[in-house]
Amino acid sequence: MSRPVLLMLLSRHPHAESSGRASMIRQRIAQAKLKFEPRMIVFGAPAGDDRDAGLAFLPLASPVSIGLNALRHAGLPLQTWLYHSAAARREVARLAAESGAAAVYIDMLRLAPLAADVRGPALIVDYDDLLSERYAQAVGKDYEVMGFLARRVGPLAGFARALARPLLRAESARCARYERDMLGRADLVLFTSPREADLMRGRGAEVMAAPPLIAARRDTPAPGERLIFLGNMRYAENVVMLRALADAVRALDAAGAMPNDAVIEAVGEHAPDLPAAFDARRFRFLGRVDDLATLAGAGVFLAPVTGGSGVKLKVLDGMALGCPVVGTEKAREGLAARANRDLLVAADPEDVLRAALALRFRPALKQMLARRGRAYLERAHAPAIGETVADAMLAAAARAKARQETL
């Protein structure tokens, strides 16, 4: 028997980008394949190589469409303006009808207006996290408004930076309204964070926590003495964290508390000019690592998170690699991990660095934290949980079909 079709609207190329969100999209695709025949539409440019196989592409909104969106959809989140056009919306509706889709999966709320003309299939919306909360927290901070989108919509990114504070405040209110509105229209809503899923339950749609799933590596070496910061440094929040670590290094250096041999290794994609902004004695930029297995047991992973919302993949990656993790309380937010049991929690980035330095030469404690971190992953983020997510999506499609049959 053939599987039902799931039309997946994706906000980025799942195979050509190395962001945390792209990795989550890859997981959703794998989960969809357990129960559905996925048909995938990416909004953006193709890679132009074999990574485009199995994907269809629609362009981002043109400058004219963005201007019209600002007038016609002023109450919707700004990010929706970058994707929405009448032509793309018509094409989504046509593809949904042509494929006989049982459900439409929407990757993040920014794409939801593109499914406005789809009638019949279940609507599955992956919120990722609550953008309203993220923007509200960022008001008044040194925050890169456009984040990962800055490279894709350069001219608008400059405008957004110039008006950061009022824009963030207004965008938080727009997102909050739209988050509530979609709960009344969707059949299933997914969150990466169990905490945020709990906040939104009972407001309409079925709400489910669908956290990042990651397999813990077995037989990793005993944790070493390196200090590792892992993250895509083209993503603004990671740069903010790295700058906070630089401030912490200067403070500890001034206090004589920074050992001469202590170097923070920054692992991940970064802009070519970024390393020059940091002390070369204390920061080593390794660039993107194609296989994270090379970091198994490398040392202590740092997660000096001060803003944002949702689940921080750098925490899970450190645990999966058999390394102890030291982070702020914000780094633990969205996880069920126990503070000072599964990872060490410190008050701020300076205390994160102090704790990591103190941990470097305590092999027994590092091994215990690594073991507990692995056990947490196996409880809460095991790949087998993907079957439960796929079942929930299939159940949403069945409810939509039953609803249509009774009309």
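The table below gives the values:
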quantity	calculated
Among the residues listed as Ala392, Ala384, Ala355, the single one being over 24 Å from the mean Cα position of the chain (by Cα) and small (Gly, Ala, Ser)	Ala355
Qualifying residue in the stretch 221-230 (condition: among the aromatic types (Phe, Trp, Tyr), touching a residue at least 40 places away in the same chain (Cβ under 8 Å), touching a helix residue (DSSP H, G or I) at 6+ places or on another chain (Cβ under 6 Å) and not in a helix (DSSP H, G or I))	no
Complete set of residues in the stretch 338-363 that are without any contact (Cβ under 8 Å) to a residue 12 or more places away in the chain and under 16 Å from Met319 (Cα atoms)	Ala339, Asn340
Qualifying position, being modelled with pLDDT of 95 or more, under 16 Å from Cys323 (Cβ atoms) and surrounded by 19 or more Cβ atoms within 10 Å (Cβ to Cβ), among Ala370, Ala358	Ala370
Residue in the stretch 141-153 that is at pLDDT 65 or above and assigned by TED's automatic domain parsing to the domain that holds Thr388 present	no
Filter pass, Ala209 being without any contact (Cβ under 8 Å) to a residue 24 or more places away in the chain and surrounded by 19 or more Cβ atoms within 10 Å (Cβ to Cβ)	yes
Enumerated helices (runs of 4 or more DSSP H) restricted to the stretch 76-140, each holding at least 1 residues that are touching a residue at least 24 places away in the same chain (Cβ under 8 Å) and either among the β-branched types (Val, Ile, Thr) or more than 22 Å from Glu333 (Cβ to Cβ) (or both)	78-81, 86-99
Candidate set: the stretch 31-56, residues that are touching a residue at least 40 places away in the same chain (Cβ under 8 Å) and in contact with a Pro (Cβ under 9 Å, 6 or more places away or on another chain); chosen: the one nearest to Tyr105 (Cα to Cα)	Ala32
Number of the exception - His84 against (1) under 30 Å from Gln404 (Cβ atoms); (2) touching a Gly at 6+ places or on another chain (Cβ under 8 Å); (3) buried (at least 18 other Cβ atoms within 10 Å of the Cβ)	(2)
Odd one out for Glu225, checked against (1) modelled with pLDDT of 90 or more; (2) more than 30 Å from Arg371 (Cβ to Cβ)	(2)
Given (1) closer than 18 Å to Leu302 by Cβ; (2) assigned to a helix (DSSP H, G or I); (3) in contact (Cβ under 8 Å) with a residue 12 or more places away in the chain, number of the condition Leu335 does not satisfy	(2)
Selected residue (only one of Phe57, Phe43 is in the same structural domain as Ala398 (by TED's automatic domain parsing) and either crowded, with 19+ Cβ neighbours inside 10 Å or acidic (Asp, Glu) (or both))	Phe43
Selected residue (only one of Arg203, Arg218 is under 30 Å from Ala364 (Cβ atoms) and free of Cβ contacts under 8 Å to residues at least 24 places away in the same chain)	Arg218
Checking Tyr135 against (1) out of contact with any strand residue (DSSP E or B) (no Cβ under 6 Å at 6 or more places or on another chain); (2) among the hydroxyl-bearing types (Ser, Thr, Tyr); (3) farther than 30 Å from Ser193 by Cα, the condition it does not meet	(3)
Residues of the stretch 169-212 classified as in contact with a Lys or Arg (Cβ under 9 Å, 6 or more places away or on another chain) and among the small types (Gly, Ala, Ser), total	6
Only listed residue being in contact with a helix residue (DSSP H, G or I) (Cβ under 9 Å, 6 or more places away or on another chain) and at pLDDT 95 or above, chosen from Leu302, Leu313	Leu302
Long-range neighbours under 8 Å by Cβ, at least six apart or interchain, first residue in contact (Cβ under 8 Å) with a residue 40 or more places away in the chain within the stretch 391-407, second of a type in the set (Ser, Thr, Tyr)	Met393/Tyr105
Filter result for Val64 (without any contact (Cβ under 8 Å) to a residue 12 or more places away in the chain and not aromatic (Phe, Trp, Tyr))	yes
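The values are calculated or read from the model by the stated rules, or taken from the named source; none is laboratory data. Not measured: the values here are computed from a predicted model. Note: ideal-geometry Cβ built from the backbone for every residue, glycine included; neighbour counts use all protein chains shown.
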